[in-house]
Structure formats: C-alpha cells, structure tokens
1. List the residues whose amide H sits under 5 Å from the amide H of A:LYS35, counting only those 5 or more places along or on another chain, with H placed 1.01 Å from N in the peptide plane.
2. Report the charge-dipole magnitude of chain A in Debye, nearest 20, computed about the Cα centre from +1 at each Lys and Arg Cβ and -1 at each Asp and Glu Cβ.
3. For the stretch A:189-248 and the stretch A:275-310, write down the distance between their C-alpha centroids in whole Å.
4. Just want the answer: with Cβ charges of +1 for Lys and Arg and -1 for Asp and Glu, which residue in C:MET194, C:SER249, C:LEU66 is farthest toward the dipole's positive end in chain C?
5. To the nearest 10 Å², what's A:ASP147's accessible area with a 1.4 Å probe?
6. What trypsin sites (Lys or Arg not before Pro) does the stretch A:175-262 have in DSSP loop regions with at most 16 other beta carbons within 10 Å?
7. Using Cα atoms only, what is the angle between the long axis of helix B:133-160 and the major principal axis of chain B, expressed in degrees (0 to 90) to the nearest 10?
8. In deg cm²/dmol, rounded to 500, what helix-only [θ] at 222 nm does chain C give when every DSSP H run of at least 4 residues adds -39500 (n - 2.57) and the total is split over its residues?
Amino acid sequence: MMRFNSLKTPLVQGINLTKIFRYGLIWGEPVEAVKNVNINLLRGASLSLTGESGSGKTTLGKILLGIIRPTSGKVLFNGIDLTNPKRVPKYIRRMMSYIPQHPEEAFDPRWRLYDNIAEPLRIHKLIGSKEEEKEIIFKLAEDVSLDTSLLNRRPFEVSGGEIQRAVIASALATNPLFMVCDEPTSMLDISTQADILRLLKNIRDKLNISLLFISHDIEIASFMGFKIAVMLKGRIVEMADVDKLINEPLHPYTQGLLGIVKVEYVSSYAKNCRGCPYYDRCPVKMLPCREKEPKLKNVGGDHYVACFRY
Amino acid sequence: MDVKALSFLGIKGKIGLIIILFVVFIGITAPVISPYDPTSLFEPFEPPSSTHLLGTDDVGHDVLTILIYGARVSILVGFATATISTFIGLLTALIAGCYEGLDPIISRILDFFLVIPRIPFIVIISAFLTPNIFIVILVLSFFGWAKTARVIKPLVKQVYSREYVKRLKCIGAGNWYIILRHILPATFPLAVAQFVLEGGHAILAEASIGFFGLEDPSTLSWGMEINHALQKSIIFLTNIWTWVLGPPILMLTITLLSTTFISIDLETRINPRLKVRSW
Amino acid sequence: MGVSRRFFVSKAAFYISLFILSITTVFLLVRMMPGSPLDYLGGEAEDVPYILTEEVREKLLSYYGLDKPLWEQYIVFVNNLLHLNFGYSIYFSEPVTRILLPHLMRTLILITLGFLFSISISFPLSIISAWRRGSTLDTIITLLSMSIYSIPSFALAILFLIVFSVELKLFPLIGFSAEENILDILWYALGPAMVFAVAESGRAYYFMRNSFISELDKDYILFAKSKGLKNKTIILRHLLRGSLSPIISKLALLFGYSLLSCMFVENVFNYPGITWLLLISYEYYDYPVLESILLIFMFTVIVMNAIADIISFIIDPRVRGGWM
C-alpha cells in the first residue's frame, strides 16, 4: 500500500482503449473485446484484473504490452506510444515482460530451457560472453529456485511448475519494469500455484516491478494486487484498492463474484449490448440500465464503479 | 514435428533414399559411365547385345546411354524445381502466416494457382518458348510453389499463434527474428517432406511433357524416349518394346517410387496419424 | 440463417472472381500464342501451309474477328461466353459445341467408368486397412497403393496395352471405331477406363484410409466399441456417417481433376477424347476450340471445388460456424 502512493507518474497508461475483433474479412460480426477502458499503472504498483472468461482481461493485458493493437485509444509506456509498433524503440521492449497462461506454450519446444531463458538477453545483446551468460542464467534460475540441472532439458521434459519458474526467470532476465502475468497459475496444481504466487510476489517486491496480474479468481487477484479492477464484457465495472473492494464491493457483479449476492443463472446473453453490460443478470437492475451505459465514476477514496445506483 | 525426423528415416525412407542417391550418382557421372557419346548413332532397333547392353532405339541411339543421360535431366529438373518452388512456397507461407493483413490476398492467389491445370498450360506455354529443361524448370516451379505454400501455411499460422511467439514479440523480438529462429525451424521437417514430394511431382511432370513430345527435341530425357518409342507402332509388333520402352519406364517408375517412399515416410513422422495429401 | 447467407455470398464472390480470372488467363495465353490459325487453314495438307493471298488472308481475319485489337476480341469472347456461344472452329469449320461434345462425352464416359471402378476397388480396401491399421494386410495394401500412386499413369497404360492388347490380344490397340454405337464406345472405353481406375485408386485409397483413420481415432467410436456393438454396426452406422463428408467432397475434387489425369491414358490408347482434341487444336491454332477446352478444364476444377465446399457445408454443421 505504501509503494502505491510513492511515485505519482504512471508507468503504463491506457487511454480510452477499445478493441473490436472482427472475424472474417468483410462479413464478420464485430465483438467488442475491450471497450473504453482507462487504466493507469504506477511505477512499482501492482494491479489485478479479474472477471469471467471472455471479459477481455487477456486482451487488455496484451494491448497494454503492445502485442495487440487497439482499435482506438492509446497506450503510453513511460510516455511512449505503444500503439504504433514501428515507432517503439527496442529498448522500451526490454522493460516489459509477459508470462502467458500456459507455461508449456511459453517456450519454444525445440529449445532447451537454458536457451529459452537466455533468449531475451540475446535479443537485446545484453551479454558479452558465453561465460557471462551462463553466470546470469544460473543466477536467474537460483532466484526462481529452479534446479539448474533442469536447464539442459526441453520444455516438454519438465513439469508445469518447473517451466513456469523458467518462464519467470526468462521474464526477469532483462530487469523489466512492467510485467503482465496472464493467469500464470491456472494450469498448475494447487500446491504449485501457491509456490508460484509467492515467488511472483517476492520478486515484485524485491525488484519493484509494476505487475499486471490477470486472474479469473478474485481471491488470487486480491492476493497479488494492490488494486483490483473487475472487468465485464470488455469494460472495467469496478476498480479500487484491494481492501476496499473486498470489504465493500459496490457493483452487483463484484458482489456476485465475491458470493455476497446470489446471482441467477442466465443461459444466454448478447455478446454486445447497448446498456449496462450486466443488465441481463443483474438482480437489482433499474430502468435506465437497459438503454444507457453507466460511466465509471469515482465514488470517493479512489473507488471507481460503473453503476447507476452510485 | 521434431528435427530428428530428418536424420532418422524409416525403412521405407531409407530404401527410397538409396534409390534416389543411386539415380543422382548416375546422373552426375553420366559422361564417365555411359558407354557411348549421347549423340553417336548406330543401327536402329538393334536388340541388346554385348556392344549395346540395352540395344538401340528408333533413330539408333544407344538406349543405355540415353537412359543414363535421362537420369541427369530428371534429377536436375526434380532438384531445381523442388528447390525453387519450396523456397518460394516456404517464403510465401511464412509471409502469409506471419503477416495477418496479407493472408487473405495471398490465399486467393494460391487458390487461383491451384485451379490452373498444369499440363494443358504447359502445352500452351510450349508454343511461346521452346521447352528446354531450363524453361521446363521455370514453368514447373511457377505452377508448383503454390501447393507448397498451401501445405506449409497452416503450420506457420499455428506456430505463429503460439504464446511463446507473443511473449517474444513483447520483449522486443522482431518479426523476422521470430520467423528465422523459431518458425522456420518448426516448419523445416514439413518443408523437407514437401521438397521431396515436389521433386517427385516435377520429375513426373517433366516426363509427361516429354511424353507428349513437347520438349526441346534435343533433350535426352526418359519422357522423350518414351514418346519417340510410342510414335513407332512397329515396336509392338515385335518384342522391340522390351528394350526401347521398358527401361525408361522402369527407371522413371523406380525414381518416382523412391520419392514417394521418402516423402510418405517423412510425413508419417511429422504427422503420426498418417495424413498424406494427394494434391 | 445470417451466417449461412454470408457464407454463400462470400464464397460466390470468390468463385465468380476465380471464373473471371481464369477466362482472362486462358484468353490472353491462347490469343497471344505466336502463330496464326490461318497458317494451317488448308487442313488437308498437314505439313504444307496453305498459301493464302494477302487479300484472302485479311478477309478471313476479319471474318473470324481476329483483326481487331485484343481488348475488342476479349469483349466479343466474353460476350459470346455469356450467351453460351463457344464460337466457330476455324480448323474444323463447324460450331465448337458440335466438335467438342462428342469428344467430351467420350472422355466423360471414360472417367465415369474409371471412377466407378476405382471407388469400388479402393473403398472396401480402405475400410479394411483402416479398421485393421498396422496389420500385415494394411501394410501390404498401403505399400501396393503407394507403388501404384508413384507409377506414372502413362506407364500403366503402356503396360496394359502390352499385356492385354499386344500379348493377349483381348482389347483393341486403337482407341475408337468409326461406328457410333454405344456398346462400341463403351467397349473401347473399357481398357483406358480400367487403367485409369487403377491409377486413380491409389490416390483414392490413400485419402479414404486417412479419413477413416482420423474418424476411428475419435472418442465416440471408442465408446461404440466399448458398448460392445458389432464391428459391422460400428462401421455402417458410425464410421461411414462420420467420415462421409470429407470423403464425398474429396471425391468431388478428384473427379474434377480426373479430367486432367486421364489425359495420359487417353493419349496412350489413342482414345478420341478431349486430349486428342486439345492437341489437335493446339497444333492448328484453333483458338475457339483450344479456349473452350482449357476453360472446361479450369471450370470443372473450380465447380468441383465449389461443390466440395457446398457438400461439406450441408453435411458438416461445424463449417457453418456453430451448432444449428
């Protein structure tokens, strides 16, 4: 909580981000994966994105990394616009890293773990000699408590938890400032999950990394972040500090996620909607919710919510 | 999808490789091992004897000499066509697979190339240019690359959409770095299988062009030899066909058999479910 | 509904553009061929060009519309095509359709016969070897079909001629009789059709076996097996139904291409099919006939592609994007 207030300039800034996916060349039905999202991430701060599957968490994460180009809006990283990939200097890329959802997909299966971990260093030509590289890799492996004897194996020859450690090591190789973890633990068994989460948290605190942590599990999200943003159908519907959001959730959807209110099961609902994204399922919906979309507004104390009731 | 697939061929592949290497050897050393000069003429239709091991053909060429020089043409056409069309096809597949914006256009172009009937068009093109083997190679590559691209493209797309590629992009790897270091190695075994397949197709197509008598008349190829033989129906009245027609057909068949064996063996290794496309 | 309409519209747009492109390609390639149909207008004297005076020559050129610039010829050509008018053969001095149809019919008879033979060989074999995958029988059949697949079809045809016509004298050496008797036509088509069937069956066997195998690997077949259903029931009720759509659409494609792959067989047997006509019209620069034949080749492939698309659309709901 302390570090959150320490630096005031945002490291990553997403302004009015919208991403519309269109399947098919001319005829595809557009799907709004992310809509009008404003998001700020301070240096060393950590934010968790949560929400059901298909809510656009991963897309938003990738947009902030500049992997996906938003349909409209801007992503500023240290003041540099990432939405124009040609203008992004390579050294900026060094400051980011990405930990994908499936650990076994995160590495080239043909390469040994060692080469995979070393690859970011090689791309940025950060090391002079083979020995130096070896030293750095072993150090990294130690940091993530990965057995160095595994480094000569290929990704499919080690367990999911071990690959995930290697992925984290690789992500740390270039000393990034900003890291996006896309459900890094959802494919692991429970005990490994806890280890990996603790590891990530330690690293974040030690290296002062701004972490964007994506998880569909609000518990894990609250464990990892200083702040939580709840996403629904591509919109951020509520955003606040962890304690506030967990203790007094305002949006009915968040309340549903936390199990405070019982949510009716609705079998199908429209992908794109005109009014409130939660209209179909909301237990406390009102008349304007159908036609008008509520704006995300500050209800005091950095607690943002998009609902007409506040 | 392992690189090991290349160094480790099955029994079928090994047999095919031995045969093809044998044909390559014959082709390369043709001037040394052939008994006569390919232009020298003897009595036509002489039966096999100690002076002409496989007899002579309708104009009096020594059949064995023609056969040996024909290996040279077949191998050259097969190798060159396969190289050119695999190169262009692979490049196209890489571009189409990795640059999403270009994919629809490239796919349409490929679709168009795939409906062009190869042989009839070669017939027409032979009216423009005398089809010496270099023209044949160019024309066959022109028609061949699209198939290679079509086969490799899905794999490129599949690899390109993997998470590790996204991760690499995020940490600053350029598109061509990813293509060269990650995607090319992943598609390499399939490209090799396609290379062999395309080589076989090219050898068959070259023989077909010769078979229709469309090649430059001075070309000494198996297809032309078959064409010359078929023009003279006299060969069927006696047993002349056994040495005039039999050997080139046999050589062509075993060469094609070897390429089929190798490519099918490679493909079963790449795709253990044994999915072999026929087109 | 919306999805399927969109599917059809985009497919139709694609195929129409393919048609236009192929018409243009064929037209340009044929009309730009060096040489002129008038060089051989004599017809009877094959090797000696008929000597034409400049005057007659120009008259003839304007009669056939060949004196106009290429783009005007193109417009006339496309316009004629749209009215299903394939033009007037220069060499044969008859409407193209009159020349083309008998030859096309003979070729169609050949490939239809051959196709029926080839499916009746390869279909049962592919089921057997897919069902008993890895067995000795499967290995033998697969090796055999691979070998047949590699042998060029003209080599097969020559082999057939030598064995059945030269040695055993069962079939005629020459491919046609003067009589237009349907039985005669069938009799002369039988030999080439059999060769064609053998040549094609290697290919057909291979893809059928592959689609059966990928279907057999699916869980529901395993489930049917574990229920203790009889093999016959599983094959008839599950396997065939499941793999029918890829097989039918692939067969449609193969049929489209077989117009091309039978060229060699026709040539060896001197069969008076479309190949013969193609080579003749090529030799004598008979533009209308040549263009028509090439267009037939390309259109068949395109149409068969379209049919394959439609079949897989009708049979396989997954192509439509979601369950109905």
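1. A:LYS19, A:ARG235
2. Approximately 1340 debye in magnitude.
3. Computed from Cα coordinates, the inter-centre distance equals 23 Å.
4. The listed residue farthest towards the positive side: C:SER249.
5. 90
6. Of the trypsin sites (Lys or Arg not before Pro), the ones in loops of the stretch A:175-262 whose Cβ has at most 16 other Cβ atoms within 10 Å are A:LYS262.
7. Value to nearest ten degrees: 30.
8. -24000 deg cm²/dmol
The values are calculated or read from the model by the stated rules, or taken from the named source; none is laboratory data. What you see is a predicted model, and the numbers here were worked out from it, not measured in a lab. Glycine gets a Cβ as well: all are built from the backbone with ideal geometry, and neighbour counts include every protein chain shown. For accessibility, only protein heavy atoms count, side chains too; no ligands or nucleic acids. Shrake-Rupley method; radii C 1.70, N 1.55, O 1.52, S 1.80 Å.
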